[in-house]
1. Can you name the condition, by its number, that Val211 falls short on among (1) within 26 Å of the chain's Cα centre (by Cα); (2) surrounded by fewer than 16 Cβ atoms within 10 Å (Cβ to Cβ)?
2. Six or more apart or on different chains, Cβ under 8 Å: which pairs go from a residue in the range 115-127 that's farther than 22 Å from Ile163 by Cα to one that's assigned to a helix (DSSP H, G or I)? Could you list them?
3. So which residues in the range 181-208 are over 17 Å from Phe236 (Cβ atoms) and free of Cβ contacts under 8 Å to residues at least 12 places away in the same chain, if there are any at all?
4. One residue is enough: does the range 135-143 have a residue meeting the conditions of a type in the set (A, V, I, L, M, F, W, C) and more than 26 Å from the chain's Cα centre (by Cα)?
5. Need at least 2 residues that are more than 38 Å from the chain's Cα centre (by Cα) and either modelled with pLDDT of 85 or more or at negative phi (or both) per element, so show me which helices (runs of 4 or more DSSP H) inside the range 250-310 make the cut, counting only ones lying wholly within it.
6. Return yes when Ser147 is surrounded by fewer than 20 Cβ atoms within 10 Å (Cβ to Cβ), more than 28 Å from Ile229 (Cα to Cα) and not assigned by TED's automatic domain parsing to the domain that holds Val256 and no when it is not.
7. Being at pLDDT 90 or above and either closer than 29 Å to Tyr172 by Cα or polar (S, T, N, Q) (or both): is that true of Ser220 here?
Amino acid sequence: MFATSRNQLQRCYFNWNPICSIFYLTLSQTHASTSITAKRHSNSACSSNSATALFGFLGKEPRNAIFCRHSWVALYSSRTYRGPISRSLRRRISKRAKVAATPVLDETLFQRVISQIPPRFTHEELHNVIALQDDPLVCLELFNWASQQHRFRHNVLTYHITIKKLGAAKMYKEMDDVVNQVLAVPSVASAALYNTMIYYFTEARKLIRAVNIYNQMRSSRKLDCSPSIRTYNILFAALLTRGKNSYVNHMYMETVRCLFKQMVDDGVEPDIFCLNSMIKGYVLSLHVNDALRIFHQMDGLYLPTQLIFV
């Protein structure tokens, strides 16, 4: 009995000895081919290659070979995570991208422009200097610098040109700060300045902000700050480009209809662009009969343009 057990142990030893030699040979070769800087990757590769050689010598693959092949790599691999990005990570990435894309003020250009401004400059001179600048950050810095000068107060000219520069550069946050300064002093505003603010807020997709400025125009006691036909055309164009389907267009068309009624009640006569917008809005919201009614009312008053037939 003991002799039989001894023979079985020797047979197992001789069968296992080449397996071990192949296993350690593959392990040493894999370690020799890898670098020191990628130690974790080499460990995972060694385990995978060693397992492949071991099971290949046996002539069969164990039942959990797939688990072994993938689990060893997953435990010791340091590759980047390729799963779905969480919301917090997306916010951090977006915040870092915004910070990296933030423009930087050109101090040399700013100091050069200031040196060209006379000591006692007027509003017209500051307006002309800001209008000549292509860098919106320099324009904003000039505006803030002038605000700190002794006995200088901004008027409609300097406010208007600064808002136009910031709005054209899509610096809507900085533009909003300047707009708040204008709204805090209603006496310096004008209809053209209000229209510019409404236009750039509609470009920024801030319709509520634009409508609030429109309401402030209507409540203003200054006669030159009342809404004009250009004010309504800006609002009509912004509202009629928001809809993605007939139902959404119908909802916005109700707002356009209310604005049109307020315009007529305030004594503002509609022009061809206003009527074109009304016809377009009725067609998009599937009110074809109302669109035809306005079209026939234009006969004898306005000549239909190409936009109506399109």
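1. (2)
2. Hits for this filter: Gln116/Val129; Pro118/Glu125.
3. Answer for the range 181-208, where residues must be over 17 Å from Phe236 (Cβ atoms) and free of Cβ contacts under 8 Å to residues at least 12 places away in the same chain: Ala184, Val185.
4. yes
5. 288-297
6. So Ser147 fits the description; yes.
7. For Ser220, the condition - at pLDDT 90 or above and either closer than 29 Å to Tyr172 by Cα or polar (S, T, N, Q) (or both) - is not met.
The values are calculated or read from the model by the stated rules, or taken from the named source; none is laboratory data. What you see is a predicted model, and the numbers here were worked out from it, not measured in a lab. Methodologically, a virtual Cβ is constructed for each residue, glycine included, from the backbone with ideal geometry; neighbour enumeration extends over all protein chains shown.
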